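Right, one structure below, let's go through it.
Where a number appears in this text, it was derived from the coordinates with a stated rule and is not lab data. What you are looking at is a predicted structure, and each value in this text was computed from that prediction instead of being measured. Here Cβ is always computed from backbone atoms with ideal geometry, including for glycine, and neighbour counts include all displayed protein chains.
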Amino acid sequence: MLGIYIHIPFCERKCNYCAFSSFVNIEKEQDRYISSLLQEIEDFTFDNYEFNNELAKLGKTKTQTYDVDTIYIGGGTPSLLNLDILAKILNKIKEKFNVIQNSEITIECNPNSLTLEKALGYKSLGINRVSLGIQSLDDEELKFIGRLHNSSQALEAIDIVKETGIKNISCDLIIGLQNQTPEKFKQQLETLIKKDIKHISTYMLQIEDGTPLAKFVSHNADYLPSEDENVLIYKENASFLENNGFKRYEVSNFAKIGYESRHNFKYWTGENYIGFGLGAHSYIDGIRYANASNFEDYYNRKLALKEILSKEELIEEHLMLGLRCACGVDIKYLEKLGKDIENNENFKYLLKKNIIFKMGNKFFLEPNYYEVNNYVIVKLMA
Ligand SMILES: C[S@@+](CC[C@H](N)C(=O)[O-])C[C@H]1O[C@@H](n2cnc3c(N)ncnc32)[C@H](O)[C@@H]1O
Ligand code: SF4
């Protein structure tokens, strides 16, 4: 079944660490953008997409299904949208695709732009998962990264979503901010656990080129915790979450059983997904596409990327995705692509050292080694 991603590229203020495709002060652009987005959804047809013949070896045929079971509205800041616009987008998807019952429908929200009225509206539109950009529960840290909310607004946003009856709430936190220690980070997690949050994503702060944060760090090298300190925060808190009933099902993602993101699983298991909107990525039948990330090119339907994955790239991608999450790597799939992994010396070594483990026709990375998944992939590609 398909997953659909919708990109909303508007923000109230640009956070100083963010390099995502999102823009401020472009209210004038919104009407044109939304009508182009609706048109893009309406015009979608598999006839415009090719089939990567490497997939034929895996017994796959060209996708024709319009059945959808996950929708993810991300950004940018989708919670800036009025409900009627959101309704138009979701209705357009439902006109075009067959959105099955019990689909997972997620919206990303920034705590400062979420109101009870909006959250109730989300529920009435069938949205059943809210991902909150909490980032930190320390006011100084939030200020430092240029967020518009403080910690009490973050906690209020959680209460607002809970009031609607939506139980599937995810909170994003960033590891690597200035005040952090394993103990302080644990206190933040404890607060979220007490609020009965079902899903927590902990992202390592990436210093993205060209951002104000990158400039700051180049002059203040010791202001933020070191890489080793961050790894310690990550490891201690991964154990803390695991001891509190969360399963680490991907490097950065922790969930109570049954609350793993079904949409994200599509990215990691090579299922087809279609991205609509500025800079949105799609993966259809072994070919990766990215929409243009400037408005004019997007309106003219110019692609920024079209990449037909070679046999080696399909193997590498399957290893890369399968090893960073609990979905694992399918040995038979690799075999069909011509990779006899079980006779690979490095595979045998990693198995012997309990860095990977085998179950049926799949093998998995031991979660304690998630952060060295790149090393394991390089070894297995050799
Ligand atoms: C692109 S944002 C969109 C969600 C929403 N606008 C927000 O910021 O709360 C999705 C998530 O990516 C993470 N993120 C963005 N830039 C990052 C960076 N440079 N390093 C680590 N995480 C980042 C943040 O945790 C954020 O919640
Ligand atoms: S609110 Fe989210 S998308 Fe917007 S600038 Fe900040 S991190 Fe980026």
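In what order do MET1, MET381 fall by count of nearby beta-carbon atoms within 10 Å, going from fewest to most? Walk me through the numbers on the way to the answer.
Numbers: MET1 17, MET381 14.
Fewest-to-most ranking of MET1, MET381: MET381, MET1.
Under a point-charge model restricted to the Cβ atoms of Lys and Arg (+1) and Asp and Glu (-1), what is the dipole moment magnitude of region 89-163 relative to its Cα centre, in debye to the nearest 20? Mind dumping the intermediate values first?
Working: 9 positive and 11 negative charges, 108 e Å.
Rounded to the nearest 20 debye, it is 520 debye.
Could you state the number of Å between the C-alpha centres of region 135-151 and region 30-45?
Region 30-45 and region 135-151 have Cα centres separated by 34 Å.
Mind listing the long-range amide H neighbours of GLN135? Cut-off is under 5 Å, sequence gap 5 or more, other chains count too, H placed in the peptide plane at 1.01 Å from N.
Placed amide hydrogens put ASP172, LEU173, ILE174 under 5 Å from GLN135.
When the helix-only estimate is applied to the chain (DSSP H runs of n ≥ 4, each -39,500 (n - 2.57), divided by the residue count), what is the mean residue ellipticity at 222 nm, nearest 500 deg cm²/dmol? Before the final figure, lay out each step's value.
Working: 14 runs with 147 residues, N = 382.
About -11500 deg cm²/dmol.
Give me TYR223, TYR283 sorted ascending by neighbouring Cβ count inside 10 Å, so fewest comes first. Provide the component values of the computation, followed by the final result.
Values: TYR223 10, TYR283 20.
The order, fewest Cβ neighbours first, is TYR223, TYR283.
If you average the sequence gap of Cα pairs under 8 Å that are 6 or more apart and divide by the length of the chain, what percent do you get for the contact order? Can you show the working numbers first?
Values: 648 pairs, mean separation 64.1, N = 382.
Relative contact order of the chain: 17 percent.
Could you tell me which residue out of GLN206, PRO9, ASN25 lies farthest along the dipole of region 2-266 toward its positive end? Charges go on the beta carbon: Lys and Arg +1, Asp and Glu -1, centred on the Cα centre.
After comparing all options, I get PRO9.
For region 251-347, take the convex hull of the Cα atoms, compute a quarter of its surface area, and give me that in nm², please.
Values: hull surface 31.4 nm².
Mean shadow area of the hull around the Cα atoms is 7.9 nm².
Over region 312-382, calculate the relative contact order: mean separation of alpha carbon pairs under 8 Å at least 6 apart, over the residue count, as a percent.
Here the relative contact order equals 38 percent.
What distance in nm separates the two pseudo spin-label positions at LYS123 and LEU155, each 7 Å out from Cα along the beta-carbon direction?
It is 2.2 nm.
Report the FRET efficiency, 1/(1 + (r/R0)^6), for ILE26 and ALA87, where r is their Cβ-Cβ distance and R0 is 30 Å, rounded to 0.05. Write down the numbers at each step before the final one.
On the way: r = 22 Å, r/R0 = 0.73.
Given R0 = 30 Å and the Cβ-Cβ separation, E is 0.85.
Cut-off is 10 Å between beta-carbons; in what order do HIS219, HIS263 appear when sorted fewest neighbours first?
Details: HIS219 7, HIS263 23.
Taking fewest neighbouring Cβ atoms as first place, the list is HIS219, HIS263.
Would you mind working out the magnitude of the charge dipole of region 143-275 relative to its Cα centre, with +1 at each Lys and Arg C-beta and -1 at each Asp and Glu C-beta, to the nearest 20 Debye? All intermediate terms of the calculation are to be shown ahead of the outcome.
Values: 16 positive and 18 negative charges, 93 e Å.
I would put it at about 440 debye.
Rank ILE145, TYR249, ILE85 by how far each Cα sits towards the positive end of the charge dipole of the chain (+1 on Lys, Arg Cβ; -1 on Asp, Glu Cβ) and give me just the farthest.
TYR249
Return the distance in nm (one decimal) between the two label points of a simple spin-label model at HIS281 and ASN294, each offset 7 Å from Cα along Cα→Cβ.
2.2
Please compute the Kirkwood hydrodynamic radius of the chain from all pairs of different C-alpha atoms, in Å with one decimal. Walk me through the intermediate numbers first.
Details: mean 1/r = 0.0452 Å⁻¹.
Here the Kirkwood hydrodynamic radius works out to 22.1 Å.
Quick one: dipole size for the chain, taken about the Cα centre, charges +1 on Lys/Arg Cβ and -1 on Asp/Glu Cβ, in debye to the nearest 20.
Details: 45 positive and 54 negative charges, 172 e Å.
Dipole about the Cα centre, nearest 20: 820 debye.
In whole Å, what is the distance between the alpha-carbon centres of region 159-231 and region 310-382?
29
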